Amino acid sequence: MGKRIVSGIKPTGTLTLGNYIGAIKQFVKLQKNRKEDEFFLFVADMHAITTRQVPAELRKRTLDIAAMYLACGLEKERTVLFIQSEIKEHVELGYILQSNTYMGELERMTQYKDKSIKQDTSITSSLFTYPALMAADILLYDADYVPVGEDQKQHLELTRDIANRFNNFYGDFFTVPEPLIPEVGARIMDLQEPNKKMSKSDEFDKGYISLFDDEAAIKRKIRSAVTDSLAKINYDPINQPGLANLITIFASIKDLEIAQIVEKYQNSTYQTFKEDLAQALVDTLIPIQKRYQELIKSQELQDILDQGKAIAGEYAFKKMRKCKQKIGLGRK
Ligand code: AMP
Ligand code: TRP
């Protein structure tokens, strides 16, 4: 029997190389290798509004992500691609799952802790309850696997706990999902501060590569990426974190092992290594951008999203009807 694979990306900031390597590239690879499986992918716009968003930008980014998923190589015939806010059951189930989640569990979420330290005032209550909505995104479709980067592991563990708790109380109902975290590239680091995750909400654009960066920007950012003064190509995340991150990016982009990259460049200078890496990134990203440009204005993208909405919506509707029956909500 085929499995169901579910994942999403929030439309905040620009899409980065971290999103591509940690998440999107994984979906594409899984889809190639797992012909039996079903893929549900969505743009998590409801998650985006946990922090303040400019309406026109939010809408633009939502479509950008949908187009980028396809431009990166997802097969449209095998992907149920949709926008989270267009399926109202996410929020409905999110509330029910909040009622099965403890304050202490949410307080322990490191992503919430990090974000709330940065913002300190004006933290919304939805930023706090966000993991319950994320659990709903996953459990609504009975996902077997959820491909994500390392930063989402804790949210996935909580999703499993919530599913098990619900199943124990109400009887088996939700599939308990498993995270799929890539072996190489689960945590791409900032190019300027390699002890920090590469993130799209960063203020300095030298630290990340956007999937929309042009050739000149890609080359400039790789050239100026922080390395070290050891002048030896070697994979050592503790003593050479900047270089280790670049090696990881290279291996992931080329679908090679880290050791293969190290071996190839062991006698090269950092400059040669960086030039080859920048070229590999250009060769990967520029064709993706061309496909994105064709898709973003197309009727095809709209049709794919309409179809995704219909398929996901039907599944969600049925699951929620049963869920309410289980809990004793409503008349029947
Ligand atoms: P977000 O942009 O926060 O919605 O994240 C979307 C997906 O990209 C999630 O699966 C994240 O784990 C993944 N991701 C985001 N940043 C990185 C990064 N720096 N390295 C690896 N994966 C990442
Ligand atoms: N919270 C995820 C992030 O910030 C995005 C997301 C929302 C997600 N719902 C999801 C990922 C469901 C996987 C499955 O990266």
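The values are calculated or read from the model by the stated rules, or taken from the named source; none is laboratory data. Please read all numbers here as calculations on a predicted model, not as lab measurements. Glycine gets a Cβ as well: all are built from the backbone with ideal geometry, and neighbour counts include every protein chain shown. Just so you know, the surface numbers come from the protein's heavy atoms only, side chains and all, with ligands and any DNA or RNA stripped out. Shrake-Rupley method; radii C 1.70, N 1.55, O 1.52, S 1.80 Å.
Laid out as a table, the results:
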quantity	calculated
For the chain, accessible area per residue (1.4 Å probe, heavy atoms of protein chains only), Å²	50 Å²
Entries of Lys29/Lys274; Lys88/Lys326; Lys118/Lys197; Lys118/Lys196 with Cα pairs more than 23 Å apart	Lys29/Lys274
HN-Hα J in Hz across region 72-82 - Karplus 6.51, -1.76, 1.60, θ = phi - 60°, x for Gly and Pro	6, x, 5, 7, 5, 5, 10, 10, 8, 9, 8
Sequence of Val54, Val6 when ordered by accessible area, the most exposed leading, probe 1.4 angstrom	Val54, Val6
Kyte-Doolittle mean at least -0.5, axial Cα span of 30 Å or more - DSSP H helices of the chain	270-296
Proximal charge balance of Thr79 [Cβ under 14 Å; K/R count +1, D/E count -1]	+1
Length-normalised contact order for region 205-293 - Cα pairs under 8 Å, 6+ apart - percent	34 percent
Evaluated over region 246-332, the Cα radius of gyration and Dmax, each in Å	23.8, 73
Using a Förster distance of 22 Å, the FRET efficiency for Glu57-Asn100 (Cβ separation, nearest 0.05)	0.05
For the chain, built as a Gaussian network whose Cα springs stay under 10 Å, the top-fluctuating residue of Ala217, Ala143, Ala56	Ala56
Choice from Ser199, Ser229, Ser252 with maximal GNM fluctuation in the chain (Cα, 10 Å cutoff)	Ser229
Area of Tyr141 that stays accessible when all protein chains are in place (1.4 Å probe, Å², to 10)	0 Å²
Percent accessible area from carbon and sulfur atoms, the chain, protein chains only, probe 1.4 Å	50 percent
Listed residues Pro147, Pro179, Pro241, most fluctuating in the chain (Gaussian network, C-alpha, under 10 Å)	Pro241
Convex hull volume per residue for region 205-293, taking Cα atoms only, in Å³	86 Å³
